[in-house]
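The structure under discussion appears below in the form of structure tokens.
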Amino acid sequence: MIFLGIETSCDDTAAAIVHDGRDVLSSVASSQDAFHAKYGGVVPEIAGRRHVALLSAVIEDACERAQTPLDSLDGIAVTRGPGLIGSLVVGVAGAKALAFALRKPLYGVNHLHGHVFAAFLEREEAPPYPFLVLLVSGGHSQLVAVESATCLRILGRTRDDAAGEAYDKTARLLGLPYPGGPALDRLAQRGDSNKYAFPRHRAGGDSLDLSFSGLKTSVRYFLESEAGRTARHEDVAASFQAAVVDVLMARVRAAFERNGYRAAVLSGGVAANSALQAAFRAWGAQSAVPVFIPPPKYCTDNAAMIAAAAHYQRDATLSDPLALTADPNLPFLF
Ligand code: KG4
Ligand code: ZN
């Protein structure tokens with residue numbers, strides 16, 4: 001089965017050709033970072049317009065690179081939500097038009113399920129069910145229990161900022177350009193992570209929820225203080241990163257203590273973070289839990305993960321090309 005995946009939920013215009021939900025024949029993503037950087041975040045109106053300008057070329061490029069003409073596809077998969085409505089509708093309209101004209105099956109995929117199935121790409125062995133996913137991106141932070149391809153349950157989620165959002169906002173406080181996550185990661189590698197003790201959020205009771213706004217605020221107050229004004233930014237970045245990683249790993253351990261999963265997956269843009277990856281792998285080795293972390297290009301938003309999700313969730317996502325709609329608040333459960 002060869003699927004074309006289309007992803008336009010936020011600011012990246014992406015298309016990919018994937019064989020059997022695993023082998024990536026091509027994955028093309030046109031980043032819009034340069035268009036949004038001067039505003040310090042994604043501007044929805046600009047994102048939608050750029051998708052309109054780029055989508056056809058990105059799909060053509062993906063087909064050419066994979067040497068797969070459109071008429072040889074077995075299906076077309078598209079992100080239908082959650083995300084920015086003005087961005088989603090561009091991909092959904094494009095996918096509907098292609099599916100209708102080519103008379104191919106159309107699959108409407110949940111973006112977050114895409115991040116889960118990114119772990120199946122380019123791997124000899126897929127994560128065995130049931131597995132736990134720590135999904136940390138610019139828009140979402142959650143722990144997900146995956147019993148089967150279509151039985152996914154959120155165990156805990158952020159109560160305020162997503163992990164990536166906390167990275168981007170803290171990076172901005174440190175004067176780093178948007179999107180600041182990767183730059184903060186690099187800066188932190190030269191710093192002392194024990195230098196400052198920033199707060200680690202603990203949810204009450206048996207909740208597995210997360211929160212990052214207190215941490216971000218604490219960094220801001222520190223930077224405005226007497227000591228903060230002369231602090232080495234490397235040390236502040238490393239200490240902030242250590243707090244984020246501690247909070248995330250505490251939730252992963254707590255989820256595993258409650259339930260035996262057969263594997264653990266780290267996914268979403270923040271999964272590219274070097275300290276988080278190191279902590280996740282070290283915990284996996286110590287606890288004898290097989291750990292799956294997609295390569296960085298499949299951790300951040302991409303279309304290959306959307307094609308993969310559609311492959312594994314074929315029956316549940318099959319849609320009518322005339323009726324499929326984008327849903328900015330698409331619920332996580334089917
Ligand atoms: O998954 P993604 O591409 O988009 C969303 O669906 O949100 O995630 C983007 C987020 C941004 O906040 C970015 O700063 C963060 O992932 N990110 C990182 C790193 N690489 C990307 N955060 C920390 N360290 C990194 N190396
Ligand atoms: Zn995403």
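The values are calculated or read from the model by the stated rules, or taken from the named source; none is laboratory data. Everything quoted here is computed from the prediction, not taken from an experiment. Every residue, glycine as well, gets a Cβ built from its backbone with ideal geometry; the counts of neighbours run over all protein chains shown.
For F240, indicate whether it is under 30 Å from A34 (Cβ atoms), of a type in the set (F, W, Y) and modelled with pLDDT of 95 or more. Yes; evaluated as a whole, the condition is true for this residue. When R262 is tested against the conditions (1) more than 16 Å from N194 (Cβ to Cβ); (2) surrounded by 22 or more Cβ atoms within 10 Å (Cβ to Cβ); (3) of a type outside the set (S, T, Y), the lone failure is (2).
Criterion first (touching a strand residue (DSSP E or B) at 6+ places or on another chain (Cβ under 8 Å) and surrounded by 21 or more Cβ atoms within 10 Å (Cβ to Cβ)) does V247 satisfy it? It is true that V247 is touching a strand residue (DSSP E or B) at 6+ places or on another chain (Cβ under 8 Å) and surrounded by 21 or more Cβ atoms within 10 Å (Cβ to Cβ). From the list Y196, Y221, Y167, Y178, the lone residue that is of a type in the set (F, W, Y) and touching a Ser or Thr at 6+ places or on another chain (Cβ under 8 Å) is Y196. Considering only segment 174-218, state which residues are in contact with a Lys or Arg (Cβ under 7 Å, 6 or more places away or on another chain) and of a type in the set (D, E). Across segment 174-218, the qualifying residue is only D209.
For G269, are the conditions met, namely being surrounded by 13 or more Cβ atoms within 10 Å (Cβ to Cβ), within 13 Å of ligand 2 (Cβ to nearest atom) and either among the small types (G, A, S) or within 10 Å of the chain's Cα centre (by Cα) (or both)? When the stated conditions are applied, G269 passes them.
If you take the residues in segment 2-57 that are of a type in the set (S, T, N, Q) and modelled with pLDDT of 95 or more, which one is surrounded by the fewest Cβ atoms within 10 Å (Cβ to Cβ)? Per the criteria, the residue is S56.
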